[in-house]
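**Q** Below is one structure. I have some questions about it.
The values are calculated or read from the model by the stated rules, or taken from the named source; none is laboratory data. Because the structure is predicted, anything quoted here is derived from the model rather than measured. In this analysis, Cβ positions are derived from the backbone assuming ideal geometry, glycine residues included, and neighbour counts consider all displayed protein chains. The protein model used for the area step is the full one, side chains on, heavy atoms only, and it has no ligands, DNA or RNA in it. Shrake-Rupley method; radii C 1.70, N 1.55, O 1.52, S 1.80 Å.
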Amino acid sequence: RVLFRSKLIVHSKEDWTIIDIDVASFYPSIMLNDEVYPEHLDKDVFLNILRTITNERLTAKKEGNKIKADSLKIVINSIYGKLGYKNYWLFDEKALIKVTINGQLYLLMLAEILIRERILILSANTDGITVYIKRDRIDRIKEIVREEWEKILNFDLEWVEYSSIYRRDVNNYIVVKTDGKLKCKGEFDLSQNISKGSKFKIVPEGVIDYFTKGVQPKQTVANCTDIFKFCASQKSNSKFTTLLVRINNEDDEERITLQKTNRYFVSYLDRKDINCGCLLKTGGEKDNSILKNQYITLVNKEEKDLLKKVIKSSI
């Protein structure tokens, strides 16, 4: 069975548990097993280098060397990713499609086995399947999958148990591991990524605290002392211009051209504040409001005295 429901809350119980079945180094393994390589490069040299890096990464992971394992994961995944970059020396669309399509077919084979064995599938992504399974069936299912899938296709599976899943959809979720640590993806990922900017981190933080700690969102907001968690950043490329539309005391509009990257929080309209107004993006056929029907206040410099005002606006 497959549970076709995007929003989902599931907890492990005494007799039932959540298991994430993940294929170790899936895409690099597909390339090695199926001998997929960029046709303009030497086949043996390319695959030997990929095999060496992949084995080194898996060894580091088994030994608990997280820094090395994570670093090499980026390297080997980028080798696959660069197959699709037209201006990169690894570019080969045919090789890219082989890996992608074969990978999905292999996972469908795995899903087929699990469905045949009446295992409830909660979700599936590009390199694994998450299931809800009776504890007394785990060993037997592992044995079946090992004989009918792993040995035949030459893949290694990692079975990781979770305590809880809080899911908005397949790409945005909060996982509580058995040791209490969290795995957060999509909108709930609180890790800093400068290239992707920042977007109101207080919101996912409040959701995470509510579901995993039972803390009410208002309490999370009131206890926060970091103004930047209430802020979002907006970056415009060379084709667009960002404007702050201010409304003065006479209800006249004043349009101010801003820098390419701007940080702001949602606020009430303050006619006296020169940093308060609406954000617009121009450059296309018409002006586009960045936050529809919302006023914002710019915080392009750290101004800690604004924190009380931000919290008041949020609550």
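**Q** Could you list, in their original order, any pairs among K201/K292; K73/K94; K201/K235; K62/K229 whose Cα atoms are separated by more than 25 Å?
**A** Check vs 25 Å cut-off fails for K62/K229.
**Q** Please compute the length gained on full extension between K183 and R271, using 0.36 nm multiplied by the number of residues separating them and subtracting their Cα-Cα distance.
**A** Extending this stretch completely gives an extra 27.4 nm.
**Q** To continue, here is another question. For the chain, set up a GNM with springs between Cα atoms under 10 Å and report which of S233, S29, S71 has the largest fluctuation.
**A** In this elastic network of the chain, the residue with the biggest mean-square fluctuation among S233, S29, S71 is S71.
**Q** In whole angstrom, note down how far apart the Cα centers of segment 127-167 and segment 36-57 are.
**A** Between the Cα centre of segment 127-167 and that of segment 36-57, the gap is 28 Å.
**Q** Divide by every residue of the chain the summed helix terms, -39500 (n - 2.57) for each DSSP H run of at least 4, and state the resulting mean residue ellipticity at 222 nm, rounded to the nearest 500 deg cm²/dmol.
**A** The helix contribution divided over the chain gives -10500 deg cm²/dmol.
**Q** Also, quick follow-up: Based on a Kirkwood Rh over C-alpha pairs, give the Stokes-Einstein translational diffusion coefficient of segment 51-201 at 4 °C and viscosity 1.567 mPa s in µm²/s.
**A** Translational D for this selection: 72 µm²/s.
**Q** Sticking with this structure for a sec: For the chain, what does the accessible surface come to per residue with a 1.4 Å probe? Please give it in Å².
**A** Result: 61 Å² of accessible area for each residue.
**Q** When the accessible area of the chain is computed with all protein chains present and a 1.4 Å probe, what percentage of it is carbon and sulfur?
**A** 50 percent
**Q** Turning to a different aspect of this structure: Among the listed pairs K61/K183; K239/K286; K61/K181; K199/K286; K239/K260, which have their C-alpha atoms separated by more than 22 angstrom in this model?
**A** Correct reply: K199/K286.
**Q** Still on this structure: Label-point separation (nm) for K43 and E250, each offset 7 Å from Cα along Cα-to-Cβ?
**A** Label at K43, label at E250, 7.9 nm between them.
**Q** What residue among I296, I227, I74 has the largest mean-square fluctuation in a Gaussian network model of the chain, using Cα springs under 10 Å?
**A** I74
**Q** Right, another one. Checking understanding here: applying a Kyte-Doolittle mean of at least 0.5 and a length along the axis of at least 18 Å (C-alpha), which whole DSSP H helices in the chain pass?
**A** Answer set is 93-116.
**Q** Could you work out how much longer the chain between I144 and W89 gets when fully extended? Use 0.36 nm per residue separation minus the Cα distance between them, nm to one decimal.
**A** Residue separation times 0.36 nm, minus the Cα-Cα distance, leaves 15.7 nm.
**Q** Along the Cα→Cβ direction, 7 angstrom out, place labels at N223 and N293. What is the inter-label distance in nm?
**A** So the label points at N223 and N293 sit 3.3 nm apart.
**Q** When you count, for each residue, the other Cβ atoms within 10 Å and take the mean per peptide, how do 200-208, 45-53, 264-272 rank with the highest first?
**A** By packing density, highest mean first, the sequence is 200-208, 264-272, 45-53.
**Q** With just the Cα atoms defining each centre, how far is segment 198-237 from segment 85-120? Give it in Å.
**A** 36 Å
**Q** Between L122, L157, L105, where does the largest GNM mean-square fluctuation fall for the chain, given springs only between Cα atoms within less than 10 Å?
**A** Per the Cα network of the chain with a 10 Å cutoff, L105 tops the list.
**Q** Trypsin sites (Lys or Arg not before Pro), restricted to segment 58-117: which are DSSP loop and have at most 10 other Cβ atoms within 10 Å?
**A** Listed in order of number, the matching sites are K86.
**Q** If each of N300 and T100 carries a label point 7 Å out from its Cα toward its Cβ, how far apart are those two points in nm?
**A** The two pseudo-label positions are separated by 3.9 nm.
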